[in-house]
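The values are calculated or read from the model by the stated rules, or taken from the named source; none is laboratory data. This is a predicted model, so every value here is computed, not measured. Positions of Cβ are generated from backbone atoms using ideal geometry, with glycine treated the same way; all protein chains shown enter the neighbour counts.
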Amino acid sequence: MRAAVFHGPLDLRIEDQNTPTPSNEEIVVKIEVSGLCPSEVRIYKNGSSSVKPPITLGHEFSGYVHEVGSDVDGITKGERVNVAADSYCGACKMCRSSHENLCEKSIVFGYNTDGGHADYVKVPKRFVARGGVFELPPGAEFEETSMTEPVACSLNTIETLGTQPGKSVAVIGDGPMGILHVGLAKLYGADQVFLAGLVDWKMKIGKEFGASTIVNTAEEDPVDTLLKETEGKGADVVVVTAVTPQTIQQGLKMASRRGYVSIFGGTPKGVTAQLEPNIIHYNELFLTGNFGYSYAQYGKAFNIIANHKLPVKRLVTHRFSLDNIQEAIKVWDDKEKSMKILLTR
């Protein structure tokens, strides 16, 4: 089988490997679609202390059950499935305090176990035992469900920050994660959803997902526009998905009194930002971050996609074969033309 194996920064190789064989408590999935995640591009370019090469990348994928271990119940060969990206231990302090997304001993595809940018992937015992394998219902597609993980991560922000009817939400960043936050905010009943970005065609997709106001930040000040739209009150929830020192400052200025500002998304190591403490102090702002998802949130995200409550395929701009993953990374770098990129088999 083919596998995209990371050996170190700028060293990603398509290798011919043996098809994995499951233990009695594992399964093997034949991959049909895997998604290229921004975190993988950062790993490819810069490496990561969380990734121990050589390892096959890829944590967003769907496919067919190829082989089932003899002690596995409830999963059948040939089923169409999506598999969660992470498996939590359930025993560490974070898991026991209902923050399993911050598990101290998580197993993550493409980080500490071989991932889904391959023709086949072995699903470790813990994923199987803890319900991390989701059967696709009739009508659900591989491409759609391969995007469950990014939807689940976005759902964590939307739920944690209390998005509900009567709330206003501002999203900074018009990439896939920004637009998913827009769609979920609308799905959770937000009255106003504001989207700030740089690429007009992407923000038009944001409109399709439910944005009530879109602003091209190259042409107008998003802070001024949002304050006008909210009669000077600001947004109850601000999500910064395109994280830079400037966008963090903008996010703080967009927030209402006692509003929530979430830094969503990683940055290259060493990036710092200066904050104006008075904005936080006098408005009693809650500045936080959001990362990953809980098992419950992953299940909700899967059901949202499987029931076509978000038009996630509108985010897909490019499809490449696994052999062309290097070309996919190059296209991903062109933010004027690319959004979500899938690797097909």
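Return the residue satisfying two criteria in turn: it lies in region 5-46 and is in a strand (DSSP E or B) and of a type in the set (Lys, Arg), and of such residues it is surrounded by the fewest Cβ atoms within 10 Å (Cβ to Cβ). Step through it out loud before you land on a result.
Initially, region 5-46 is screened for residues in a strand (DSSP E or B), giving 5-8, 11-16, 27-35.
Now restrict to residues that are of a type in the set (Lys, Arg): 13, 30.
Working: 13: 12, 30: 18.
Among those that are in a strand (DSSP E or B) and of a type in the set (Lys, Arg), it is 13.
Identify, from the list 108, 68, the residue that is of a type outside the set (S, T, N, Q), at negative phi and surrounded by 20 or more Cβ atoms within 10 Å (Cβ to Cβ). Talk me through it step by step, then tell me what you get.
Details: 108 fails: surrounded by 20 or more Cβ atoms within 10 Å (Cβ to Cβ).
One residue alone meets the criteria, 68.
Could you list, in sequence order, all residues of region 1-38 that are within 26 Å of residue 131 (Cα to Cα) and out of contact with any Phe, Trp or Tyr (no Cβ under 9 Å at 6 or more places or on another chain)?
21, 22, 23, 24, 25, 37
Mind listing whichever residues of region 209-224 are surrounded by 18 or more Cβ atoms within 10 Å (Cβ to Cβ) and either over 14 Å from residue 178 (Cβ atoms) or hydroxyl-bearing (Ser, Thr, Tyr) (or both)?
So in region 209-224, the residues surrounded by 18 or more Cβ atoms within 10 Å (Cβ to Cβ) come out as 209-211, 213-215, 217, 222-223.
Once the filter is applied, which keeps residues that are surrounded by 18 or more Cβ atoms within 10 Å (Cβ to Cβ) and either over 14 Å from residue 178 (Cβ atoms) or hydroxyl-bearing (Ser, Thr, Tyr) (or both), region 209-224 yields 213, 217, 223.
Out of 15, 25, report the one residue that is acidic (Asp, Glu) and closer than 20 Å to residue 125 by Cβ. Talk me through it step by step, then tell me what you get.
Details: 15 fails: closer than 20 Å to residue 125 by Cβ.
After ruling out the rest, the residue left standing is 25.
Give the residue, chosen from 91, 140, that is buried (at least 17 other Cβ atoms within 10 Å of the Cβ), in the same structural domain as residue 320 (by TED's automatic domain parsing), in a loop (DSSP other than H, G, I, E, B) and not hydroxyl-bearing (Ser, Thr, Tyr). Step through it out loud before you land on a result.
Values: 91 fails: buried (at least 17 other Cβ atoms within 10 Å of the Cβ).
When all the criteria are applied, what remains is 140.
Quick check on my filter: what residues within region 163-201 are part of a loop (DSSP other than H, G, I, E, B), surrounded by 24 or more Cβ atoms within 10 Å (Cβ to Cβ) and of a type in the set (A, V, I, L, M)?
190, the sole residue that qualifies.
When only residues in region 246-278 that are modelled with pLDDT under 95 and in contact with a Ser or Thr (Cβ under 7 Å, 6 or more places away or on another chain) count, which is surrounded by the most Cβ atoms within 10 Å (Cβ to Cβ)?
Out of the qualifying residues, it is 265.
Being in a loop (DSSP other than H, G, I, E, B), in contact (Cβ under 8 Å) with a residue 24 or more places away in the chain and surrounded by fewer than 22 Cβ atoms within 10 Å (Cβ to Cβ) is the filter here; which residues of region 73-88 pass it? Before you say what the answer is, go through the steps one by one.
Let us first name the residues in region 73-88 that are in a loop (DSSP other than H, G, I, E, B), namely 73-79, 84-85, 88.
Those still in the list that are in contact (Cβ under 8 Å) with a residue 24 or more places away in the chain too: 75, 79, 84-85, 88.
Once the filter is applied, which keeps residues that are in a loop (DSSP other than H, G, I, E, B), in contact (Cβ under 8 Å) with a residue 24 or more places away in the chain and surrounded by fewer than 22 Cβ atoms within 10 Å (Cβ to Cβ), region 73-88 yields 75, 79.
In region 47-67, what residues are part of a loop (DSSP other than H, G, I, E, B), in contact (Cβ under 8 Å) with a residue 60 or more places away in the chain and not small (Gly, Ala, Ser)? Working first, answer last.
From region 47-67, those part of a loop (DSSP other than H, G, I, E, B) are 47-54, 57-60; that's our starting set.
Keeping just the survivors that are in contact (Cβ under 8 Å) with a residue 60 or more places away in the chain gives 48, 50-52, 57-60.
If the condition is that a residue be part of a loop (DSSP other than H, G, I, E, B), in contact (Cβ under 8 Å) with a residue 60 or more places away in the chain and not small (Gly, Ala, Ser), then 51, 52, 57, 59, 60 are the ones that fit.
Taking region 280-297 as the region of interest, how many residues are in a loop (DSSP other than H, G, I, E, B) and farther than 30 Å from residue 80 by Cβ?
Step one: of region 280-297, the residues in a loop (DSSP other than H, G, I, E, B) are 284-285, 291-294.
So of that shortlist, the ones also farther than 30 Å from residue 80 by Cβ come out as 284-285.
Qualifying residue count for the region: 2.
Per-residue answers, yes or no, for (1) in a helix (DSSP H, G or I); (2) over 17 Å from the mean Cα position of the chain (by Cα):
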| position | (1), (2) |
| --- | --- |
| 272 | no, yes |
| 275 | no, yes |
| 278 | yes, yes |
| 299 | yes, no |
| 308 | no, yes |
| 319 | no, yes |
| 324 | yes, yes |
| 334 | no, yes |
| 342 | no, no |
